[in-house]
Amino acid sequence: MSMKIYFQRYWAGIVILIILALLPLFSSEYTKIVAMQIFIFGVFAISYDILLGYTGIASFGHAIFFGTGAYVSALMMIKAGYSFWATLPFVIVICALIGLLIGFLTLRFATIYFTIVTLALGQFCYFLLTNALTYQYTGGDDGLHGIPAILQTKTQMYYLALAFLLAMFFIAKKIVSSPPGKTLVAIRENEFRAKMIGYNVLNYRLIALVISGVMAGLAGSMNAAVLKSVFPSFMGAGTTIDVILMTILGGMGSILGPVIGAALVIICQQYLSSYFEWWLMIFGIIFVLVVLFLPQGLIGIFYRLKDKNNTSEQKLKNENYNRFKNHFLGKCFQLFRRQDS
Amino acid sequence: MTSQLFVNILLSALSLGVIYFLLSSGFALVFSLLRVSNFSHGSLIMWGAYLGVYLVEAFSNFTLGLVVSVVIVGFFLALVEYFLFRRLYGGNPLFELLLTFGLIFILDEAVKLVWGAALIPVNKPDFLKGTVMIYGEPFAVLRLYILSLGVVVCAGLYLLLKKTKLGLIITAGIENKEMVRALGININKVFTFVCWLGGFLAGLGGFALAYFTGLSPEMGASQLLNVLVIVVVGGLGSFMGAAIAAVIMGLAEAFIGFYLPEMAILSSFIVMFIVLGIKPSGLLGEV
């Protein structure tokens, strides 16, 4: 494809990217922090979408990975003096191991079991984090503070977070459009059939959980680096609820949807919650409506508008209409011609 | 440990187990027939508690307040089934789960909107105050009341499921829905009734819990966790399993709480991991 076609197809994305790249030049510090939160939670929501949207299993304890990533980075940087970049391999390995462990424990069961057990595991981890026994390491309810800055200015951090989101976005795109990604969708659509064809369903789900867990862990350690402190709420039920909201509202089963959902939820959290307290109730109503009528999320509206004339059904209709029109007009012309002659 | 103390802890454990049974029975019933894991169950429990306490004070009549509040909570879930769940039957079960999850926000925020976000202590009616002597140890009347409530509910459910025609249809529907439909029974009506019953039981559980712990807007979420753990330990889809698991949880919490107080908050997780490690489908699960 030439440059021009690329631009025609993705002009909206390119415009948004340019706006995002120029944003730190004329925005306040607070806006930058909100934007960074959106980027990081965008990655977290993408990782959740790989699990929920593409693999079709609902984890209600996904914050385990996010919190683990944040705490591993924070602990290694504060207590052992590692640099941020040196902690990332550890985050990846530990999150992958946790993913394997949870997967082996729970993925054998039907999906609803997985949901409930991950919910319980998430609460278990939260209790472990705030327990008196682990207070000297994790700081209990206060969390850990004073993580050394990894870059000098906020603007640099902003570009780092943006680059992180873009990198993860394209990696996730590559993963879900690769043959294993397609297999995941096949398993989601019909587990029994996929099993009969000869796919090892458990292995594929484990892979999805590990990939998703590692991405969430990286988002967590990024969050620790941006905020320069970690809190037990990173691992709490609230974080999991946020990520579910983002993924469902934005649109599961598309990589772009969760990012938009993350932007929506975080902007509402930051700006709306100070105006009226019960914004969560409105979110709940929207959530229920989306689940009932718009399973592809808010991005589904966009796709529907965009593809209105491109769906195969519509094409067929257009073709039939054209054929009918030509036929009818031809007949009319014949009639006229006959009268003429 | 003296035998007196042992009996006392055992009775406390049993009353705790009975509360857990009241809380989780509605969830287990709805799941076993509809295969909908109703995540809003915790919020219904909370509504039962708030509404029950409010109506008892408004009517200044204990029995009337109790009956009206639990019936209202039951009707709420029946309406949800009639208008919302029905659209999703036959599709991906994920969407039913997400729908009930969305209801949590609406119900929880509604409680905060009506009664505020602060903790509310509950005044017990006079006949629930005080203690009786059992085996030479004082025992709270409240716990006796909860024990008897549990026995009544258990007996009522047993009679309903085993001795009536409706119970027969429900039991048959749990086994094979298509066959029940083929026999000319409108199972959708049964679904709505079971949802009403599920909400009724949630409300009753919440009402019993209110006099135990007081009211707080977080009780829905924490009770949901308890309910889910119990239902998983009992085996999803098994009503009897949930009842047994509830009693086991009560015992574990009371005895672990007595010997290792700092581990009490983790006791239900410990039991869950042990049970799922030995039998991944739960105590009486058929999977």
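A short reminder: the numbers here are calculations on the coordinates, not readings from a lab. The structure displayed is predicted, hence computed values, not measured ones. Please note: Cβ atoms are built from the backbone with ideal geometry, for glycine as well, and neighbour counts cover all protein chains shown.
For Cα pairs less than 8 Å apart in space and 6+ apart in sequence, what is the mean separation divided by the residue count of chain A, i.e. the relative contact order in percent?
29
What is the extension gain from A:W278 to A:S177, computed as 0.36 nm multiplied by their sequence separation minus the C-alpha to C-alpha distance, in nm to one decimal?
Taking 0.36 nm per residue and subtracting the Cα distance, the gain is 32.4 nm.
Pick from A:A194, A:A35, A:A12: which is most flexible by mean-square fluctuation in a GNM of chain A where alpha carbon atoms under 10 Å apart are linked?
Between A:A194, A:A35, A:A12, it is A:A12 that shows the largest mean-square fluctuation.
Per 0.36 nm of contour for each residue apart, how much would the distance between A:Q156 and A:Q270 grow if the chain were fully extended, relative to their Cα-Cα spacing? Walk me through the numbers before you get to the answer.
Numbers: separation 114, 0.36 × 114 = 41.04 nm, distance 2.23 nm.
Length difference between fully extended and current span is 38.8 nm.
Distance in nm between label sites at B:N92 and B:T2, each 7 Å beyond Cα in the beta-carbon direction?
6.1
Mean-square fluctuation check for chain B, GNM, Cα pairs under 10 Å: which of B:F200, B:F105, B:F76 is largest?
Greatest mean-square fluctuation among the candidates belongs to B:F105.
Under the rule that an exposed site lies in a DSSP loop and has at most 16 other Cβ atoms within 10 Å, name the longest stretch of chain A with no trypsin sites (Lys or Arg not before Pro) of that kind, not counting the sites themselves.
A:109-227
Got a sec? Charge dipole of the protein assembly as shown, +1 on Cβ for Lys and Arg, -1 for Asp and Glu; which of A:L249, B:C195, A:F124 is way out at the positive end?
Farthest along the dipole direction, towards plus: A:L249.
Compute a Gaussian network model of chain A, connecting alpha carbons closer than 10 Å, and tell me which residue from A:A186, A:A224, A:A74 fluctuates the most.
Fluctuation is largest for A:A186.
Write down the Kirkwood hydrodynamic radius of segment B:1-56, to one decimal in angstroms, obtained as one divided by the mean of 1/r over all alpha carbon pairs.
Hydrodynamic radius (Kirkwood, Cα only) of segment B:1-56 equals 13.5 Å.
At a threshold of 8 angstrom on Cα-Cα distance, excluding pairs fewer than six apart, so keeping six or more, what relative contact order does chain B reach in percent?
38
Which of the listed residues, B:G17, B:W115, A:G261, is farthest toward the dipole's positive end in the protein assembly as shown, when Lys, Arg count +1 and Asp, Glu count -1 at the beta-carbon?
Farthest towards the positive end: A:G261.
Order of A:Y126, A:Y135 from fewest to most other C-beta atoms within 10 Å?
By the 10 Å Cβ count, ascending: A:Y135, A:Y126.
In debye, nearest 20: dipole of segment A:27-306 around its Cα centre with unit charges on the Cβ of K, R (+) and D, E (-)? Could the numbers behind the result be given before it?
Values: 14 positive and 8 negative charges, 161 e Å.
Here segment A:27-306 has a charge dipole of around 780 debye.
Amide H of B:K279 versus every other amide H placed in the peptide plane: which residues, excluding those fewer than 5 positions away on the same chain, fall under 5 Å?
Long-range HN contacts for B:K279: none found.
Within 10 Å, at most 16 other Cβ atoms, and a DSSP state outside H, G, I, E, B define an exposed site. Report the longest part of chain B free of exposed trypsin sites (Lys or Arg not before Pro).
Result, exposed sites excluded: B:130-287.
According to the square roots a ≥ b ≥ c of the eigenvalues of the Cα gyration tensor, what is the shape class of segment A:105-160, taking rounded for a/c under 1.5, prolate for a/b larger than b/c otherwise, and oblate for the remainder?
Here segment A:105-160 falls in the oblate category.
With angles folded into 0 to 90 degrees, how steeply does helix A:312-340 sit against the dominant principal axis of chain A? Use alpha carbons for both and round to 10.
Approximately 20 degrees, to the nearest ten.
To the nearest 10 degrees, how steeply does helix B:141-163 sit against the main Cα axis of chain B, on a 0 to 90 scale?
So the helix axis and the longest Cα principal axis differ by about 30 degrees.
Only four residue types carry charge here, +1 at the Cβ of Lys and Arg and -1 at the Cβ of Asp and Glu. Report the dipole size of the protein assembly as shown about the Cα centre in Debye, rounded to the nearest 20.
With only Lys, Arg, Asp and Glu charged at Cβ, the dipole is about 2540 debye.
Cα-Cα over 25 Å: which of B:K165/B:K189; A:K32/A:K228; B:K129/B:K163? All intermediate terms of the calculation are to be shown ahead of the outcome.
Working: B:K165/B:K189 14 Å; A:K32/A:K228 15 Å; B:K129/B:K163 36 Å.
Going by Cα-Cα distance, B:K129/B:K163 fall outside the 25 Å limit.
On C-alpha positions alone, give me the angle between the axis of helix A:63-79 and the longest principal axis of chain A, in degrees, nearest 10.
Once rounded, one gets 40 degrees.
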